[in-house]
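Have a look at the structure below, then the notes.
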Amino acid sequence: LSPLMRVCSAGVFSLALFGVSEYLRRKSESFYIISSILFASALAVVYGDFYAAGQYYNIISPKCSFWGSVAVSMIGFISVRRYGSSMIYLASFGALLAPAIFSTGNPSVLMFLAYLFVVSVLSLKISISRNAIFQVLFMLLGNMIWIFTLNLHISKNVIADFQWLIWYIVVISYI
């Protein structure tokens, strides 16, 4: 199969998983767990599909694959109410991992911190409303890892970027 056919077949497979998940969810409440597993599987397939299309096969640009991955994370956050709190972990993991996987090679510290802030606030808001304390700890750990990584990058570069990092740490600590 050609790369385009592989990417398209993964997209069709994920749509089938979404469809079966929704069908089982509407059919009976007894299929709740199976429906959630199928939905999470579909999200994972779409994450992989965006990676393959952008980074592996270069069918779409890395920026498009990154924003597609962000959209998948947002779908995961939105689906928490319908499919349960476990979707918070998958969506947060995908959102935190996306900047590392879909790197464009030209990082902007301000844009990255703005992205990380929005993802963190959204995830923390949902986590607190669902009493998911482990998710709060997961997001804090993810933020600390990114701040440490960014600090290593900034120490080699411009001091102005370091100011944005300080502001981010101050703002996120108040939340």
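The values are calculated or read from the model by the stated rules, or taken from the named source; none is laboratory data. This one's a predicted model, so the numbers in the text were calculated from it and none came from an experiment. Remember, those area values only see protein heavy atoms, side chains included, never the ligands or the DNA or RNA. Shrake-Rupley method; radii C 1.70, N 1.55, O 1.52, S 1.80 Å.
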Problem set entry | Probe 1.4 Å, protein heavy atoms only - accessible area per residue of region 2-74 in square angstrom | 56
Seminar exercise, completed: Calc'd 3J(HN,Hα), region 119-133, phi into Karplus 6.51 cos²θ - 1.76 cosθ + 1.60 (θ = phi - 60°), Hz, glycine/Pro = x, comes to 4, 5, 5, 4, 5, 5, 4, 5, 5, 5, 5, 9, 6, 9, 5
Problem set entry | Residue-span extension gain [Ala100 to Met74] - 0.36 nm each, minus C-alpha spacing | 7.6 nm
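Compute the length gained on full extension between Met5 and Arg82: take 0.36 nm times their separation in residues and subtract their Cα-Cα distance, giving the result in nm to one decimal. Please report the intermediate quantities before stating the final value.
Numbers: separation 77, 0.36 × 77 = 27.72 nm, distance 3.18 nm.
That pair, Met5 and Arg82, stretches by 24.5 nm at full extension.
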Exercise. Using a 1.4 Å probe on the protein chains only, how many percent of the accessible area of region 1-108 belongs to carbon and sulfur?
Worked result: 69
